[in-house]
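K.L.:
One structure follows; several queries about it will come next.
The values are calculated or read from the model by the stated rules, or taken from the named source; none is laboratory data. Quick caveat, the model's predicted, so the values are computed rather than measured. Virtual Cβ from ideal backbone geometry, glycine too; neighbours counted across all protein chains shown.
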Amino acid sequence: MEKLILTTEDHVPLAAHLFMPEKSNGKLLLINSATGVKQQVYFSFAQYFSDHGFTVITYDYRGIGLSKPQNMRGFHGSMRLWGSKDYKELTRYIRRKFPDYKKYCLGHSVGALILGMNKDSEMFEELIFVGTQNAFVGHLRTRTKIEAYLGFGIVQPLTTSLFGYFPANWFGLGESLPKNCAYDWRTLILNRKSTNRLLEKIDDYSKNLKQKVFVIRAEDDVWLTEKGVLSLLNDTYPNLKPTYRLIRTSESDKKEIGHVNFFRSYNKKLWNIILNELIDR
């Protein structure tokens, strides 16, 4: 594992890690993280794929983990910048350093939503979506819907306005977020257009994507619904060619997958689901 510091075109340093296999299979996997999830969460998963011949790259978006500034208050970051600048810098690096590799991208939660913000997404042979959807509150289950209205309708804007960033860790929602990342997240939840509303504010390449996409959803992910997943594939990425896989809780040794825990080492046996999808491509 090698640590990299990449600099975006608007001069923001990003921390990334490169996992090089002992014997390469000529395939590269880029991992786009979920909102507020540090890249270290994906290290075991990345090493597993590297052990199977893949070159793997993880990274933190601006304002997250190792790409976090000393002072979050007023830091300039948004989900739209995550897609158009940060993710863009990673694909630029991959094009330069690994031009002849077969390339794949795994988007976890928001990591799939930002694919439409970068024309380079067209370079990937196949996409993997894990725990992602159009997260509009109307797609959510009743209890989660109430929590979403209270959290994103009241608590999040109040705390973000007060502190100049969103202390998401106070509410068990991962790393603290730059102010405009929090507001973009609020848009995903409260605006009926969800992801499409963010794409309206930026260059939108979502309809250009025509690859195969392997869409994984965990049975016990309370923030995810089939309706939301289908909305993303039908309304945001209508030209992708999806295959769907629902992972039952009983398939996990700890009977626990949720929104993030697919990537925990105790669910290592589930990683074959993705490996088998890509290994023969």
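K.L.:
For the stretch 16-29, give me each residue that is surrounded by 10 or more Cβ atoms within 10 Å (Cβ to Cβ) and over 14 Å from TRP82 (Cβ atoms).
P.N.:
Selection gives HIS17, LEU18, PHE19, MET20, PRO21, SER24, ASN25, GLY26, LYS27, LEU28, LEU29.
K.L.:
Another one. Look at ARG92 and say whether it is assigned to a helix (DSSP H, G or I), at pLDDT 95 or above, surrounded by fewer than 19 Cβ atoms within 10 Å (Cβ to Cβ) and not polar (S, T, N, Q).
P.N.:
Numbers: assigned to a helix (DSSP H, G or I): yes; at pLDDT 95 or above: yes; surrounded by fewer than 19 Cβ atoms within 10 Å (Cβ to Cβ): yes; not polar (S, T, N, Q): yes.
Against the criterion (assigned to a helix (DSSP H, G or I), at pLDDT 95 or above, surrounded by fewer than 19 Cβ atoms within 10 Å (Cβ to Cβ) and not polar (S, T, N, Q)), ARG92 qualifies.
K.L.:
Please go through the stretch 1-30 and pick out each residue that is farther than 11 Å from TYR59 by Cβ, assigned to a strand (DSSP E or B), without any contact (Cβ under 8 Å) to a residue 60 or more places away in the chain and touching a helix residue (DSSP H, G or I) at 6+ places or on another chain (Cβ under 6 Å).
P.N.:
PHE19, the sole residue that qualifies.
K.L.:
Pull up the stretch 1-15, narrow it to residues that are surrounded by fewer than 21 Cβ atoms within 10 Å (Cβ to Cβ) and of a type in the set (A, V, I, L, M, F, W, C), then point me to the one that is farthest from SER78 (Cα to Cα).
P.N.:
Going through the stretch 1-15, the residues surrounded by fewer than 21 Cβ atoms within 10 Å (Cβ to Cβ) turn out to be 1-13, 15.
Narrowing the set further to residues that are of a type in the set (A, V, I, L, M, F, W, C) leaves 1, 4-6, 12, 15.
On the way: MET1: 28, LEU4: 22, ILE5: 20, LEU6: 18, VAL12: 13, ALA15: 17 Å.
Per the stated criteria, the residue is MET1.
K.L.:
Quick one: would you say LEU66 is crowded, with 16+ Cβ neighbours inside 10 Å, assigned to a helix (DSSP H, G or I) and free of Cβ contacts under 8 Å to residues at least 60 places away in the same chain? Steps first, please.
P.N.:
Working: crowded, with 16+ Cβ neighbours inside 10 Å: yes; assigned to a helix (DSSP H, G or I): yes; free of Cβ contacts under 8 Å to residues at least 60 places away in the same chain: yes.
Spelling it out, LEU66 is indeed crowded, with 16+ Cβ neighbours inside 10 Å, assigned to a helix (DSSP H, G or I) and free of Cβ contacts under 8 Å to residues at least 60 places away in the same chain.
K.L.:
In the stretch 142-150, is there at least one residue being among the hydrophobic types (A, V, I, L, M, F, W, C) and in contact (Cβ under 8 Å) with a residue 60 or more places away in the chain?
P.N.:
No, the stretch 142-150 contains no residue that is among the hydrophobic types (A, V, I, L, M, F, W, C) and in contact (Cβ under 8 Å) with a residue 60 or more places away in the chain.
K.L.:
Starting from residues that are in contact with a Phe, Trp or Tyr (Cβ under 6 Å, 6 or more places away or on another chain) and not aromatic (Phe, Trp, Tyr), keep the ones in the stretch 254-269 and report whichever is surrounded by the most Cβ atoms within 10 Å (Cβ to Cβ).
P.N.:
This residue is HIS259.
K.L.:
Any chance you could count how many residues in the stretch 188-201 are buried (at least 21 other Cβ atoms within 10 Å of the Cβ) and either aromatic (Phe, Trp, Tyr) or without any contact (Cβ under 8 Å) to a residue 40 or more places away in the chain (or both)?
P.N.:
0
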